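Presented below is the structure to which this report refers.
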Amino acid sequence: MRRSEGLSVSTIDTRGHERILVAPRELGVATRTDFRRSALKALAEMPEGAGRLIIDLTATRTVDSAGLSSLILVQRRAAARRQVVRLRAVHEELRFLLVLTKLDDLFEIEEHPV
């Protein structure tokens, strides 16, 4: 596991095609730069045309417009590299925000694993 500016990124398979980024408690103005930097670095470490970045939102309590913008930027960069961004453990407020802004189809969404 690698720590970057208070965020952690884990490699979970031996081929290096999947990373988990644990999002901060508050994803917003104060944390967006470190979050975006960590996410883009994780994407760059995986081969183009392969790879999945799982953003674990288990501990995340709030996502403001700056945080949402960061998620969109990361997803667009992944799409340009033909990679996948999956959101894990999305709380109801964020899920509602994604639907409201018509961004729910932009991401793969998974429930927190048991």
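When you check VAL9 against the structure, is it at pLDDT 95 or above and surrounded by 15 or more Cβ atoms within 10 Å (Cβ to Cβ), yes or no? No; evaluated as a whole, the condition is false for this residue. For the range 40-66, a residue qualifies if it is aliphatic (A, V, I, L, M), open to solvent by less than 20 Å² (accessible area, probe 1.4 Å) and farther than 16 Å from ARG82 by Cβ, and the qualifying residues are ILE54, ILE55, LEU57, ALA66. Just give me the residues in the range 67-82 being surrounded by 21 or more Cβ atoms within 10 Å (Cβ to Cβ) and either in a loop (DSSP other than H, G, I, E, B) or touching a helix residue (DSSP H, G or I) at 6+ places or on another chain (Cβ under 7 Å) (or both), in sequence order. Listed by number, the residues that qualify are GLY67, SER70, VAL74, ALA78.
The values are calculated or read from the model by the stated rules, or taken from the named source; none is laboratory data. Keep in mind it's a predicted model, so treat the numbers as computed, not measured. All Cβ positions, even for glycine, are placed from backbone atoms using ideal geometry, and neighbour counts span all protein chains on display. Quick note on the areas: whole protein, heavy atoms, side chains included, nothing else; ligands and nucleic acids left out. Shrake-Rupley method; radii C 1.70, N 1.55, O 1.52, S 1.80 Å.
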